[in-house]
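Written out below as structure tokens is the structure these notes cover.
The values are calculated or read from the model by the stated rules, or taken from the named source; none is laboratory data. Source: prediction; values computed, not measured. Glycine gets a Cβ as well: all are built from the backbone with ideal geometry, and neighbour counts include every protein chain shown.
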């Protein structure tokens, strides 16, 4: 298909025709431009959510030198993964994202497993993001009204946030695009305001030597290299979610160019702004131990209090909370499109319902509420056990990151038979792709490493368990119904239940 080749320029009106060639009937409203596509991935990465939520983790797992060093290294490696994934997204710009690419490049079983990893990762991300926003809101309530947050009140706030995101996403992609566009400037402006306020405030600041070389280890492990690996997760967990640009490709004009560009831009802008944010916070630390053990439960909030006082701290905390709300709303949009596409392929129980598109808004409204209700149910164990909640939300990065690497690996395995889209890395595709896949394997293993010792039920890292559970779920559902019902597109000639003997791992 010559129109896929680099250098060919097509009008946006051909997007639906290209989808039809892929076997997909266009149903969604294509009202998102290039900036909106970038904005949804940037909003989901959300440095003001990931960097802030995991700041305390970084302080105890290597300290400043690991936090900034890993941000630089992992940001660069994530950019390589994003470049490689963007190459494949240009060839297959669909709401299915990684699972659609994996199926096209490797076969039905690859698509099925990738889809389940991506789906569970997206659902875990919504639970983690919105529950984190609820926790920060609890910290604000304590500072403003001296109301001590409890597990119950946090869960209620969490439910209200999910409900709001469900209503906003049900209104249509135009509103979601507007909110994501505001989110970009809110985040970039928020970083500037936070770093600026912490810099010019008449308070003592840490030295460059402290910020760029100080090592702090509360893990119980003695080897600095191992501590550095574990501490790098502040960056590893933050740099997730840029597949959102792919999931809204069917609603984006000139998707073969806009979606890959959205992925790459969201990563490098987050990389640069996040480094400035972390450095600004580290320079402003007044009491290291006091920041770690803040009564607010949110170490960055303690920095705000120490430097700016109560009024300034509350103002900056509101900036962070609003950014988190934007982030969760964008993640709901991305996840609902993935549920819609996966149901279109008959992969989910009740797929007939989740694939329905609202006639008025051209939005998969039922899929929206699917990704609202399921994360709430997943988070309910937090009422009784923080460890159980951690086990569920750990699937976020450990599920999504392999889902990014699988299509890249399969495209490399395809060799010359792989036909890139209009946005392509060209001769750099293979060397960058091999480095990207190697990194995905390594960081996935790092996600699963013990993070502290002694290992107890509260300190145990459940990421490996949840990854194994996700793979077992994918395999079990494939055996029981996937190989019978799953069809990538409605135009496939294979009948449900036929074995495609040429496919496999």
| Is one or more of the residues making up the stretch 415-425 in contact (Cβ under 8 Å) with a residue 60 or more places away in the chain, buried (at least 17 other Cβ atoms within 10 Å of the Cβ), in contact with a strand residue (DSSP E or B) (Cβ under 8 Å, 6 or more places away or on another chain) and assigned to a loop (DSSP other than H, G, I, E, B)? | no
| remark: the stretch 300-406: helices (runs of 4 or more DSSP H) wholly inside it with 3 or more residues that are within 29 Å of residue 140 (Cα to Cα) and at pLDDT 95 or above are 365-379
| note | Of the conditions (1) under 30 Å from residue 426 (Cβ atoms); (2) more than 16 Å from the chain's Cα centre (by Cα), the single one that residue 57 does not satisfy is (1)
| note | Expected single match for buried (at least 16 other Cβ atoms within 10 Å of the Cβ), within 22 Å of residue 288 (Cβ to Cβ) and within 28 Å of the chain's Cα centre (by Cα) among 177, 219 is 219
| Among the residues of the stretch 377-397, is there at least one that is touching a residue at least 60 places away in the same chain (Cβ under 8 Å), over 24 Å from residue 112 (Cβ atoms) and buried (at least 24 other Cβ atoms within 10 Å of the Cβ)? | yes
| Condition met for residue 450 (surrounded by fewer than 15 Cβ atoms within 10 Å (Cβ to Cβ) and over 25 Å from residue 119 (Cβ atoms)) | no
| Hey, among the residues in the stretch 246-257 that are over 17 Å from residue 330 (Cα atoms) and either in contact with a helix residue (DSSP H, G or I) (Cβ under 6 Å, 6 or more places away or on another chain) or at pLDDT below 95 (or both), which one's surrounded by the fewest Cβ atoms within 10 Å (Cβ to Cβ)? | 253
| request: Keeping to the stretch 41-62, report how many residues are within 14 Å of residue 231 (Cβ to Cβ) and at pLDDT 90 or above. | output: 8
| field | Check on residue 156, free of Cβ contacts under 8 Å to residues at least 24 places away in the same chain and not in a helix (DSSP H, G or I) | value | no
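Considering only residues that are without any contact (Cβ under 8 Å) to a residue 60 or more places away in the chain and in contact with a helix residue (DSSP H, G or I) (Cβ under 6 Å, 6 or more places away or on another chain), look in the stretch 118-147 and name the one that is farthest from residue 242 (Cα to Cα).
Let us first name the residues in the stretch 118-147 that are without any contact (Cβ under 8 Å) to a residue 60 or more places away in the chain, namely 134, 141, 145-147.
Still in the running and in contact with a helix residue (DSSP H, G or I) (Cβ under 6 Å, 6 or more places away or on another chain): 134, 147.
Numbers: 134: 23, 147: 36 Å.
Taking the candidates together, the pick is 147.
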